[in-house]
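As structure tokens, the structure follows; a few thoughts come after it.
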Amino acid sequence: MKSSTTDRTPLRAAVIGTGLLAQHLYSYSSQDDVEIVAVGSSNPQKLGIAAAEHFGVDGPEITIQETATVLDRPDIDVVLHAGPQDTVWDAFEQCAARGLDVLTTAGGYHRSEQLDRFAQEEHVVRLAERNGARLLGTGIFPGFTADVLPIALARLMPGPVNLTIRIISDIGPWSEKVLRKEIGVGGPLREAELDLFDYVKASARIIVDSISSARVQWTYRSDLLTSTELVSIGPVVVPPGNVAGFSLQAVAKLDESVVDVTWESSLGGAEAGGTIVASSLDHGFNITTRIAGTPAYPATAARLLNSVRPLRTLPPGLRQAFEVPLATVWADNSGHH
Ligand SMILES: NC(=O)c1ccc[n+]([C@@H]2O[C@H](COP(=O)([O-])OP(=O)(O)OC[C@H]3O[C@@H](n4cnc5c(N)ncnc54)[C@H](OP(=O)(O)O)[C@@H]3O)[C@@H](O)[C@H]2O)c1
């Protein structure tokens, strides 16, 4: 088991995965707090290749090793998992067995109700608790557009506040697996049941928790959007009338305020862009903020790296993303209620 450090000696990190997200983690490796000293891969053809050459960016002089070799190194303080969602629990189990803290960029780990779906993995959580490892998924939803900025704006407004947050994203670059399996892009219109809805609900709840403890009445709406003409979304061809995107909305009515979070994704939307409208009923304030293109990959990598040090102050086991600061404004939240 590794002990927590209280000084600012950089923590020695291993990145697992060699995709686009791993590349962003690697190229940020000069961060004071986190020094990347190893990169692990599941692909034998990548072993022995210089990480900088593989990623095509500047970075430390290290070569790609087998994942198991990397995890067995005695000089690793923390593991940064940047692989697909369905490899997360394997990585968690391997790290828990070794008493290593691990953070993953794969989404869906933000609130307790989302963690319930992993109840079948309880043995991994117990293993982590026993061996002193912390397991955390960060992702960026909840993130800057959906949480941090709305919370900051709400704090600046006197009196009860209404917030309308509309996040627009471009579905075009998403992977074929997510497009087809998770959203049903290219297929016939059906009832929308999307896991992605968890992110919208989590964002709305984080904002509501931060501005009021009043009783909340929730309404939810989820729609699949259809194409009017033949379009190609990445590798998927979508005939007219078939699924081409989604619109998800969570609305909270509090005693005097309304928080409305909508996430729409379709072809050509601005990646992670959005509009936030904040109005104060008492004082006639009305602020409209438009955010264009906060790129998802750098933001996701930064969020994970910023979480490495705070994670070490939490008890071992499965942790939740809102236990580590989203940003300074979120860290200050503890004294708010
Ligand atoms: N907004 C957000 O929260 C956000 C944004 C971006 C990405 N993400 C998440 O971050 C993770 C990494 O993203 P990415 O775009 O870099 O993913 P990716 O390209 O699909 O996969 C990353 C790497 O995972 C490794 N891998 C291990 N087992 C694999 C398997 N069975 N199938 C495919 N790859 C496997 C591969 O590296 P090796 O060949 O070296 O093993 C691959 O290059 C994903 O879970 C993604 O959902 C989240």
*Helix-only CD estimate at 222 nm, as mean residue ellipticity for the chain, using -39500 (n - 2.57) per DSSP H run (n ≥ 4)*: -7000 deg cm²/dmol
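For the chain, what Kirkwood radius comes out of the mean inverse Cα-Cα distance, in Å?
Values: mean 1/r = 0.0471 Å⁻¹.
When all Cα pairs of the chain are included, the Kirkwood radius is 21.2 Å.
When the chain is fully extended, how far beyond the present Cα-Cα distance does Leu20 get from Glu176, taking 0.36 nm per residue of separation? Can you show the working numbers first?
Details: separation 156, 0.36 × 156 = 56.16 nm, distance 1.56 nm.
Here the answer is 54.6 nm.
For segment 144-293, what proportion of DSSP beta bridges, expressed in % and rounded to the nearest 5, is antiparallel?
Values: 36 of 44 bridges.
Given both bridge residues lie in segment 144-293, the antiparallel proportion sits at roughly 80 percent.
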*Can you give me the three principal axis dimensions of segment 206-245 from its C-alpha atoms, in Å, biggest first?*
47, 18, 10
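So, with +1 on the Cβ of K and R and -1 on the Cβ of D and E, and no other charges, what is the size of the charge dipole of the chain about its Cα centre, to the nearest 20 debye? Walk me through the numbers before you get to the answer.
Numbers: 27 positive and 39 negative charges, 63 e Å.
Taking the Cα centre of the chain as origin, the dipole is about 300 debye.
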*Selection from Gln23, Ala128, Leu230, by position along the positive dipole direction of the chain (Cβ)*: Ala128
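Taking the mean number of other Cβ atoms within 10 Å as a proxy for protection, how do you rank 235-243, 96-104 from highest to lowest? Each step should come with its number before you reach the end.
Values: 235-243: 15.7, 96-104: 23.3.
Ranking the peptides 235-243, 96-104 by packing returns 96-104, 235-243.
Write down the percent of antiparallel bridges among all DSSP beta bridges whose residues are both part of the chain, to the nearest 5. Before the final figure, lay out each step's value.
Details: 37 of 67 bridges.
DSSP beta bridges in the chain are roughly 55 percent antiparallel.
Viscosity 0.692 mPa s, temperature 37 °C: Stokes-Einstein D of segment 144-293 from its Kirkwood Cα radius, in µm² per second? Walk me through the intermediate numbers first.
Details: Rh = 16.1 Å.
Estimated diffusion coefficient is 203 µm²/s.
Below 8 Å, C-alpha to C-alpha, sequence gap of six or more: please give me the relative contact order for the chain in percent.
That works out to 19 percent.
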*Sequence-separation-based contact order of segment 144-293, relative, with Cα cut under 8 Å and 6+ spacing, percent*: 37
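What's the tally of Lys pairs in the chain whose alpha-carbon atoms lie under 27 angstrom apart, where the two lysines are 8 or more places apart or on different chains? Could you put the intermediate results ahead of the total?
On the way: Lys46/Lys177; Lys177/Lys201; Lys181/Lys201; Lys201/Lys253.
Lysine pairs meeting both conditions in the chain amount to 4.
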*Report, in debye and to the nearest 20, how large the dipole of segment 144-293 comes out about its Cα centre when Lys and Arg carry +1 and Asp and Glu carry -1 on their Cβ.*
60
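We did not get these values from a lab; they are worked out from the coordinates using the rules stated. A quick note: this is a predicted structure, and the numbers were derived from the prediction, not measured. Quick reminder, even Gly has a Cβ in these numbers, built from the backbone with ideal geometry, and neighbours come from all protein chains shown.
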